[in-house]
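The values are calculated or read from the model by the stated rules, or taken from the named source; none is laboratory data. In this text, all values refer to a predicted model and were calculated from it rather than measured experimentally. Cβ coordinates were reconstructed from backbone atoms using ideal geometry, including for glycine residues, and neighbour counts include every protein chain displayed. Note: accessible area is taken over every heavy atom of the protein model, side chains too, but ligands, DNA and RNA are not part of it. Shrake-Rupley method; radii C 1.70, N 1.55, O 1.52, S 1.80 Å.
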Amino acid sequence: MELLLRHSAKLRRVHAVLGRERGSVVRHFSSSDCSSLVKEDTISRSNLHAEHAKKIGGSNFTHDRQSGKELQISKFSMQEARRGSSFTRASKHGMPIAVTGVHSLFSCVQVVSARCFSSGADLPPHQEIGMPSLSPTMTEGNIARWVKKEGDKVSLGEVLCEVETDKATVEMECMEEGYLAKIIHGDGAKEIKVGEIIAVTVEEEEDIGKFKDYKAPSSAESAAPAESKPQSEPTEPKEEKEQPKAPEPRATKTEESSLSEDRTFSSPLARKLAEDNNVPISSIKGTGPDGRILKADIEDYLASVAKGSKKETLAAPGLGYVDLPNTQIRKVTANRLLHSKQTIPHYYLTVDTCVDKLIKLRSELNPMQDTSGGKKISINDLVIKAAALALRKVPECNSSWMNDFIRQYHNVNINVAVQTEHGLFVPVIRDADKKGLATIADEVKQLAQRARDNSLKPEDYEGGTFTVSNLGGPFGIKQFCAIVNPPQSAILAIGSAEKRVIPGASEGEFEIGSFMSATLSCDHRVIDGAIGAEWMKAFKGYIENPTTMLL
């Protein structure tokens, strides 16, 4: 378990980790990185002995027999530590800090500082801010714009910048007080890997100028040592070279080469990059030790492919075109839908529902909404409510395929597909089966507006169990089949309503009715045909008799 503490003047604010009224700060006068967390009475009994203690300038210094280090012990009041945060800072002298007098839960825990500081003597203590992972599927992000500028003072909770993720544009907040000393990736920076350094903050304002020419270590430089480590481990084969017979090692090498043909050696970064770009890693020739494929090999391959494709497009005569860069949302949407269509066995069920009573109910409810100042109820809001109640009646459709089992959800959370100029968004209406039509109408309009403003937060679109896509009302599409949104197992596609001539009550009589097409796309691994048909029957019943939704 790691414990993070504040540095210098902010050390008084560590109430989140200290559990006694008074505590002790133990400072190692050493270049070592480690800091340990122990009970005060443990120090006095084991590592620290009173006969080795000495007093210098109001601070107690003791000698640690095990490490041979001088330890400085200072007392501070817990009442002064109530306003703290949970980040550690190294001291300006490069001395790691540990705290004693902590709750017994942490008495035997070794706590190592998780903050990284430059080893250069010319750089003061600083924090390197990496690209955060703002959604479960995010691997890289773009910087939409910086709200703070270099030199600005930043406080806890203030927005630093806006990050474009694979789902939406999210505000990135500052986690501690300080000053923004350096922005590594400016406005509009693209395809920044999660964890890659995007900015540097310092605690003291006078330290800002020292980071004017600061350059963050590249991901390739940091990955190179990690990739070379596995090759430094095997050292025993030297004995084989001393054997006088050469044919045996050659035979071994041929065996190894045949094995290497079956198994391609590559670094984790290279495998991840190849997987993200659908590159067959076995076709890449590695330049690392013993033919190991490195990240640079994959990048060279992608660059060569891009150049080749550009030559091909340029070679086509008489074609005018423009290349539009893909946003993160577009890339992720493409990958997820491709994966869904390739791996999920889809089948489709379509029914035509009479919506005359639904339209009449809506016309009766909307005047009451206008009187109360609420949002108008749309046909899509009624569809969402009907779908949610049908899921409650047929819970098998409110499930996900989990390979070894099928997970059936207790909550009915409906994702609503919203098309914007930034891409396709699917904000979620949570517990739609328990909410009234007025609440659903209000939430749908709020979330749709946030989607158009590209300001959805992760909690606005995560956790859905079923999706509704309506191309009928906005675009007049009569009928269509949607692609299942994994890990969900079904999606409902709503077409437009049209008037049809239908037989009347008596023979020879005819009536005109409004009918709407609804198509359910199902994952056959989860939903059998009969179960899907049962859900469609329940949904049609609610649409054609909408007053039952109000019971």
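Structural remarks
- Neighbour cut-off at most 16 other Cβ (10 Å), DSSP loop, trypsin sites (Lys or Arg not before Pro), the range 120-214: K149, K190, K212
- Measuring between alpha carbons in the structure, the pairs from K393/K435; K376/K445; K435/K478; K212/K295 lying more than 21 angstrom apart are K435/K478; K212/K295.
- Percent breakdown of C-alpha pair distances by 5 Å bin, ordered from the shortest bin, for the range 283-403: 2, 7, 7, 9, 10, 11, 10, 9, 7, 8, 7, 6, 4, 2, 1, 0
- Across all directions, the shadow cast by the convex hull of the range 330-550 built on its C-alpha atoms averages 13.3 square nanometres.
- Principal axis dimensions, the range 126-209 - Cα atoms, whole angstrom, descending: 38, 21, 18
- Among the GluC sites (Glu not before Pro) in the range 481-532, those located in a DSSP loop and surrounded by at most 11 other Cβ atoms within 10 Å of their own Cβ are E507, E509.
- Subset of K148/K457; K149/K375; K148/K385; K331/K434; K341/K385 violating a 32 Å alpha-carbon distance limit: K149/K375; K148/K385; K331/K434
- Taking a Cβ cut-off of under 12 Å around A168, the surrounding Lys, Arg, Asp and Glu residues balance to a net charge of -4, with basic ones at +1 and acidic ones at -1.
- At q = 0.22, 0.28, 0.30 Å⁻¹, base-10 log of I(q)/I(0) for the range 421-465 (Debye sum, equal scatterers on each alpha carbon): -0.75, -1.07, -1.15
- Carbon plus sulfur fraction of accessible area for the range 126-209, probe 1.4 Å, in percent: 45
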